[in-house]
Number of protein chains: 2
Amino acid sequence: MEKILRIDMGAEGGPAFKIEEPGEYAGLGGRALTSTIVSREVPPLCHPLGENNKLVIAPGLLSGTTAAMSGRISIGCKSPLTGGIKEANAGGQPAQMLARLGYAAIVLEGKPKDDTLYKIFINKDGVKIIADNNLKMLGNYDLVEKMKQEYGDKISCISIGPAGEMKMSASSIACTDMELRPTRHAGRGGVGAVMGSKGVKVIVIDDTGMKMRSPKDPEKFKDATKRWVDGLRKNPTTGQGLPAYGTNVLANVINEAGAYPTRNFSNGRFEGTPKISGEFQAEREKERGGLPTHGCHRGCVIRCSGIYVDKDGNYVTKQPEYETVWANGANCGIDDLDAIAQMDRLYDDYGLDTIEMGATLAVAMEAGIASFGDAQAAINLIHEVGKGTHLGRILGNGAAITGKVFGVERVPVVKGQAMPAYDPRGIQGIGVTYATSTMGADHTSGYAVATNILGVGGKVDPLKPEGQVELSRNLQIATAAIDSTGMCLFVAFAIMDQPETFHALIDMINAFYGLSLTADDVTELGKSVLKKEREFNTKAGFTKEHDRLPEFFKKEPLPPHNITFLVEDNELDQVYNF
Amino acid sequence: MEKILRIDMGAEGGPAFKIEEPGEYAGLGGRALTSTIVSREVPPLCHPLGENNKLVIAPGLLSGTTAAMSGRISIGCKSPLTGGIKEANAGGQPAQMLARLGYAAIVLEGKPKDDTLYKIFINKDGVKIIADNNLKMLGNYDLVEKMKQEYGDKISCISIGPAGEMKMSASSIACTDMELRPTRHAGRGGVGAVMGSKGVKVIVIDDTGMKMRSPKDPEKFKDATKRWVDGLRKNPTTGQGLPAYGTNVLANVINEAGAYPTRNFSNGRFEGTPKISGEFQAEREKERGGLPTHGCHRGCVIRCSGIYVDKDGNYVTKQPEYETVWANGANCGIDDLDAIAQMDRLYDDYGLDTIEMGATLAVAMEAGIASFGDAQAAINLIHEVGKGTHLGRILGNGAAITGKVFGVERVPVVKGQAMPAYDPRGIQGIGVTYATSTMGADHTSGYAVATNILGVGGKVDPLKPEGQVELSRNLQIATAAIDSTGMCLFVAFAIMDQPETFHALIDMINAFYGLSLTADDVTELGKSVLKKEREFNTKAGFTKEHDRLPEFFKKEPLPPHNITFLVEDNELDQVYNF
């Protein structure tokens, strides 16, 4: 990862690229790299869809190595959804391939003079930028099929669907998985719209002829990776729960806890949960000949994904994630798993964030556009988005815009981004993360659910405000660091409770780069990432007033606990005291 | 004006009112009163359409007296359009009538439990709140006709059209004029949506049996009002220009100055200006039997309004204002005055802000929804808004939302509110006001055009940044004070250059209330209003980063002067240094 690829899509005479030394960015990966480049190079008040925004795509520090779980890719920019800085990351194959090709980052800059659409092909021989208007408005599935025909099946793709081309704020960027399907998405914050504004439909990566990246100290690295895998296998969550049932193992747990947002955050329990739970889902996949345990990228040992098939055993989509099943299930009052799988497939194809869209459908249902529980209506609405009808344009721009357009008061967003699958009244710690994250409402940026509900990393009562700020702060710092390694965030379950597994991670980085980082150094890295992000947001106009949950969380008690969000504003303001 | 009427629309058992002493609000009128009540009583982070927002309707200090030009009514709330504090004011008859009935303000609070629609009737005998779902979705014209049938023709009305009922952020509140037509609108910031969220369709006011308000010192008051009227008649703008051609006298002037925003702010001159100018308009009105010189409320001596009739001499609408003609004319590339008059009529009927809507249509045209210059398409789009189709919902929520939904980059808004009829590149002083006003982009909050272009109140070069900050600051302070008197802002033309006329205004206030205010006191009043508003906005999350023009004003030079906005950010931050 000794080089950065910069592509100026607005260059005179058509897009042009240059390959640079990393320079001041050397030694950074993943989120640390995307957030550093964005905060240094993007004017915080620029238009997110304008020539001055940049889209930064960066594998993690350990991507492309033999280290297990190192396949996350970070995508950063100024977000069209929040107006602040954004890092969204995804699994799949591109991180590994890009890293093996030696790229620490791809930076898409400028803006094309016209509406020509481009594909970018990267392999060991270099970079090609090719105009191809035949790709216009292709869904991600058809697009990848076409790329396979053109470039063979040793590739991986980073692409946008019609939603990104239409510059919708709920649009995602798809990364292909091991089966070369566009199922792993950098979902949040409208990153797809920024790629669309750059006129780039797809980046095709072929690492044929490249080897695994070599560590500075192969012996130490090998030893550390072994301890690392042992730790992940030993941990009950990463070794058993996630492999067996996938992320949706949480449905029953969070529903039981009374924090499973139902019908647009009006209840904390959904009566239809048994029909959409992870256990039910895995059972169905097994019965039908699908697969309940599967990795999203080579080198994954947790394998929380799976393959969802229809009654006849035909592939529908990758196993829908917990967040997807919730957003388009309980949150819309829908208990039909086949319908939810179909919705997941459509989101992947159109290139849409399943969380933002599920939250948006629920807001639209509250506005009377469809009825809660009407799965067919929900599917029809997703097609409206894919077709770009006027209604589709509204919905495709997310929950906040939809709420504004239809005059809805109960809109669960922070900084314009919809909340994920945990009600902050039932799990107060995640409310602190939602409120204060630099990303807008985002569970992955400080997963307090672990400690509030799952008893990982200690225990903090989910229904009480005490201890939540410290918990969220520590998790946000740790997450910013993990997001920079290229490691899947689920490794956190193991490293939070197994000091030896955390040390194995640090040992891998040290052995690979010939460093001698300590745990404190990792913490400092996390802090520095957060500080850069927060500084960008401040310059973009964010204040402590934006670190707040919407009013209704303080006004409306959530059944069954009949509790409101209790963490005081002045406590929220302590999260960034480091 | 010894009492405040508070109506709790969310009271148990249905809406309930109480009449209070003004207490801590005594001595305040107009904008000073609305902004003080909003800043003290409305939580800055509340949902603008929720129970915690309040709609405050307040005549000015001199409304209901014999003082000429005292017929403005201020309407304040937290704005659904900007998210900040809002004061929008209007002419027409309600200010005079409410003041004579003794009301310093009406405060609509809470939120009805269901979607019942109410009318409120106020006369000398008291207040009645009556459920009347037959009024649902009536246009303002039909509504007022119905009220006339029910309550006679001695009334005035404050009402919303379908747009306010649908809680659109571009919705206005209509006030009836001397002919009992709903033509004078508190247009900006979506105040109509807040009235709609309170479930109030119309406030009917009948001041039968009430007298002119009596001054403490009748002789001194009479003497001052005479000097006041003399000053207004003597001034060339208020005595000749505005009466003869109305506000649209500016079209040729601003076009000539190269600051007449054309086709969504892409040019500073419109080739069709001669066909939509004030001179052309007045000529046409005369020819057809309309009226080029007419007041909007009794006691007006400037009479800048008029009556616009069709080819057969039938009433179409009040004489469209300069801003209306520009927004829906030059800014949309439309040079058909009859079409613009029809649009004005539709806006008044549906209850929409003509500035926000014209700016929105232009953004929609840039998005390809219609062609620039296509008047029929523009009219059709307004009907979409009135009908509340999905497209109409988008447009009815203003230019910023429309730009977001359609992914348009050139969107001329500040704090979410569309810019009026002066390009800030061609008139740099108004750019300072747009950027820094507490209201979002608003020409009336500090009309630097006067000094930049018209040579009123001195002379500051419109194309240079020097002197603009001081100019805008002084004008914003003076305006906040004038908006509190109930005086039409056009009196500023006279008082800026005629010290004796300014003194006549102060003498009127002193004689009426038995005070001894000085010019400095008036300045202090203006400052205190701005400070309260700015404090509210800060608590609502606004920072100096929100006191900026959109990026394209600094990037794209405006023909014909080929100039960008030149006032530096750090200079903008000096506006509120007082």
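The values are calculated or read from the model by the stated rules, or taken from the named source; none is laboratory data. Quantities reported herein were computed from a predicted structural model and do not represent experimental measurements. Every residue, glycine as well, gets a Cβ built from its backbone with ideal geometry; the counts of neighbours run over all protein chains shown.
B:Ala104: touching a Phe, Trp or Tyr at 6+ places or on another chain (Cβ under 9 Å), in the same structural domain as B:Lys201 (by TED's automatic domain parsing), crowded, with 16+ Cβ neighbours inside 10 Å and touching a residue at least 12 places away in the same chain (Cβ under 8 Å), yes or no?
The answer is yes for B:Ala104.
Just one residue in the set B:Lys54, B:Lys124, B:Lys78, B:Lys86 is of a type outside the set (Val, Ile, Thr) and more than 21 Å from the chain's Cα centre (by Cα); that residue is B:Lys124.
Screening A:Ala375, A:Ala339, A:Ala367 for residues that are surrounded by fewer than 24 Cβ atoms within 10 Å (Cβ to Cβ) and over 21 Å from A:Gly278 (Cβ atoms) leaves exactly one candidate, A:Ala367.
Name the residues in the stretch A:136-159 that are of a type in the set (Gly, Ala, Ser) and within 18 Å of A:Leu101 (Cβ to Cβ), would you?
Kept after step one, since they are of a type in the set (Gly, Ala, Ser), are these residues of the stretch A:136-159: A:139, A:152, A:156, A:159.
Those that are of a type in the set (Gly, Ala, Ser) and within 18 Å of A:Leu101 (Cβ to Cβ): A:Gly152, A:Ser156, A:Ser159.
Quick check on the stretch A:86-109. Is at least one of its residues touching a helix residue (DSSP H, G or I) at 6+ places or on another chain (Cβ under 9 Å), more than 14 Å from chain B (Cβ to nearest Cβ) and in a loop (DSSP other than H, G, I, E, B)? Within the stretch A:86-109, none of the residues are touching a helix residue (DSSP H, G or I) at 6+ places or on another chain (Cβ under 9 Å), more than 14 Å from chain B (Cβ to nearest Cβ) and in a loop (DSSP other than H, G, I, E, B).
A:Leu515 meets the conditions (1) under 26 Å from A:Ser39 (Cβ atoms); (2) in contact with a Ser or Thr (Cβ under 9 Å, 6 or more places away or on another chain) in every case but one. The failed one is (2).
Kindly indicate whether B:Ser169 is buried (at least 23 other Cβ atoms within 10 Å of the Cβ), polar (S, T, N, Q), not assigned by TED's automatic domain parsing to the domain that holds B:Gly388 and not in a strand (DSSP E or B).
Numbers: buried (at least 23 other Cβ atoms within 10 Å of the Cβ): yes; polar (S, T, N, Q): yes; not assigned by TED's automatic domain parsing to the domain that holds B:Gly388: yes; not in a strand (DSSP E or B): yes.
In short, yes.
Would you confirm whether any residue within the stretch A:350-361 is away from chain B (no Cβ under 13 Å) and of a type in the set (D, E, K, R)? Looking through the stretch A:350-361, at least one residue is away from chain B (no Cβ under 13 Å) and of a type in the set (D, E, K, R).
Of the residues A:Gly486, A:Gly458, A:Gly541, which is within 14 Å of chain B (Cβ to nearest Cβ), under 26 Å from the mean Cα position of the chain (by Cα) and small (Gly, Ala, Ser)?
Numbers: A:Gly486 fails: within 14 Å of chain B (Cβ to nearest Cβ); A:Gly458 fails: within 14 Å of chain B (Cβ to nearest Cβ).
So the residue among A:Gly486, A:Gly458, A:Gly541 that is within 14 Å of chain B (Cβ to nearest Cβ), under 26 Å from the mean Cα position of the chain (by Cα) and small (Gly, Ala, Ser) is A:Gly541.
Could you tell me whether B:Asp115 is surrounded by fewer than 23 Cβ atoms within 10 Å (Cβ to Cβ) and in a loop (DSSP other than H, G, I, E, B)?
Values: surrounded by fewer than 23 Cβ atoms within 10 Å (Cβ to Cβ): yes; in a loop (DSSP other than H, G, I, E, B): yes.
Against the criterion (surrounded by fewer than 23 Cβ atoms within 10 Å (Cβ to Cβ) and in a loop (DSSP other than H, G, I, E, B)), B:Asp115 qualifies.
If we only count helices (runs of 4 or more DSSP H) wholly inside the stretch A:411-521, which ones have 2 or more residues that are surrounded by 24 or more Cβ atoms within 10 Å (Cβ to Cβ) and among the hydrophobic types (A, V, I, L, M, F, W, C)?
Details: elements: A:428-436, A:449-452, A:468-485, A:491-497, A:499-513.
Here the list reads A:428-436, A:468-485, A:491-497, A:499-513.
Looking at the stretch B:185-199, is at least one residue among the β-branched types (Val, Ile, Thr), closer than 16 Å to B:Arg6 by Cα, touching a helix residue (DSSP H, G or I) at 6+ places or on another chain (Cβ under 8 Å) and not assigned by TED's automatic domain parsing to the domain that holds B:His294? Looking for residues that are among the β-branched types (Val, Ile, Thr), closer than 16 Å to B:Arg6 by Cα, touching a helix residue (DSSP H, G or I) at 6+ places or on another chain (Cβ under 8 Å) and not assigned by TED's automatic domain parsing to the domain that holds B:His294, one finds none in the stretch B:185-199, hence no.
This table checks each residue for (1) outside any helix (DSSP H, G or I); (2) over 17 Å from the mean Cα position of the chain (by Cα).
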position: A:Asp335; (1), (2): yes, yes
position: A:Asp349; (1), (2): no, no
position: A:Met357; (1), (2): no, no
position: A:Leu361; (1), (2): no, yes
position: A:Gly368; (1), (2): yes, yes
position: A:Phe372; (1), (2): yes, yes
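Could you tell me whether A:Ile120 is within 30 Å of A:Lys415 (Cβ to Cβ), out of contact with any Asp or Glu (no Cβ under 6 Å at 6 or more places or on another chain) and touching a residue at least 60 places away in the same chain (Cβ under 8 Å)? So A:Ile120 does not fit the description; no. Scanning the stretch A:138-166 for residues that are surrounded by fewer than 17 Cβ atoms within 10 Å (Cβ to Cβ) and assigned to a loop (DSSP other than H, G, I, E, B) turns up A:Gly152, A:Asp153, A:Lys154. Which one of the conditions (1) over 20 Å from B:Asp207 (Cβ atoms); (2) touching a Ser or Thr at 6+ places or on another chain (Cβ under 6 Å) does B:Leu45 fail to meet, given that it meets all the rest? Only one criterion in (1) over 20 Å from B:Asp207 (Cβ atoms); (2) touching a Ser or Thr at 6+ places or on another chain (Cβ under 6 Å) is unmet by B:Leu45, namely (2).
Elements of the type helices (runs of 4 or more DSSP H) sitting completely within the stretch A:190-304 and holding at least 3 residues that are farther than 30 Å from A:Asn133 by Cβ: these cover A:218-234, A:242-245, A:250-256, A:278-288.
Let's see how each residue does on (1) modelled with pLDDT of 95 or more; (2) in a helix (DSSP H, G or I); (3) crowded, with 16+ Cβ neighbours inside 10 Å:
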residue: A:Glu524; (1), (2), (3): yes, yes, no
residue: A:Val529; (1), (2), (3): yes, yes, yes
residue: A:Lys532; (1), (2), (3): yes, yes, yes
residue: A:Asn537; (1), (2), (3): yes, yes, yes
residue: A:Phe542; (1), (2), (3): yes, no, yes
residue: A:Arg548; (1), (2), (3): yes, no, yes
residue: A:Phe553; (1), (2), (3): yes, yes, yes
residue: A:Pro560; (1), (2), (3): yes, no, no
residue: A:Phe565; (1), (2), (3): yes, no, yes
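Taken over the stretch B:155-194, the criterion of being of a type outside the set (Val, Ile, Thr), within 13 Å of another protein chain (Cβ to nearest Cβ) and on the phi < 0 side of the Ramachandran plot is satisfied by B:Pro162, B:Ala163, B:Gly164, B:Glu165, B:Met166, B:Met168, B:Ser169, B:Ala170, B:Ser171, B:Gly192, B:Ala193.
Does B:Gly60 meet the test of being in contact (Cβ under 8 Å) with a residue 60 or more places away in the chain, within 14 Å of chain A (Cβ to nearest Cβ) and over 26 Å from B:Ala400 (Cα atoms)? The answer is no for B:Gly60.
Within the option set A:Ser197, A:Ser169, being within 19 Å of A:Val107 (Cα to Cα), at pLDDT 95 or above and out of contact with any strand residue (DSSP E or B) (no Cβ under 7 Å at 6 or more places or on another chain) holds for one residue only, A:Ser197.
Residues in the stretch B:168-197 that are closer than 22 Å to B:His47 by Cβ and in contact with a Pro (Cβ under 7 Å, 6 or more places away or on another chain): B:Ser169, B:Gly190, B:Ala193, B:Val194. Checked against the criterion of being in contact with a Leu (Cβ under 6 Å, 6 or more places away or on another chain), over 23 Å from A:Ala186 (Cβ atoms), more than 14 Å from chain B (Cβ to nearest Cβ) and in a helix (DSSP H, G or I), the stretch A:381-392 contains not a single residue that satisfies it.
When the stretch A:8-36 is filtered for residues that are hydrophobic (A, V, I, L, M, F, W, C) and surrounded by fewer than 23 Cβ atoms within 10 Å (Cβ to Cβ), the ones remaining, listed by number, are A:Ala11, A:Ala16, A:Phe17, A:Ile19, A:Ala26. Please go through the stretch A:198-220 and pick out each residue that is in contact with a Pro (Cβ under 8 Å, 6 or more places away or on another chain) and of a type in the set (D, E, K, R). A:Lys198 - this is the single residue of the stretch A:198-220 that is in contact with a Pro (Cβ under 8 Å, 6 or more places away or on another chain) and of a type in the set (D, E, K, R).
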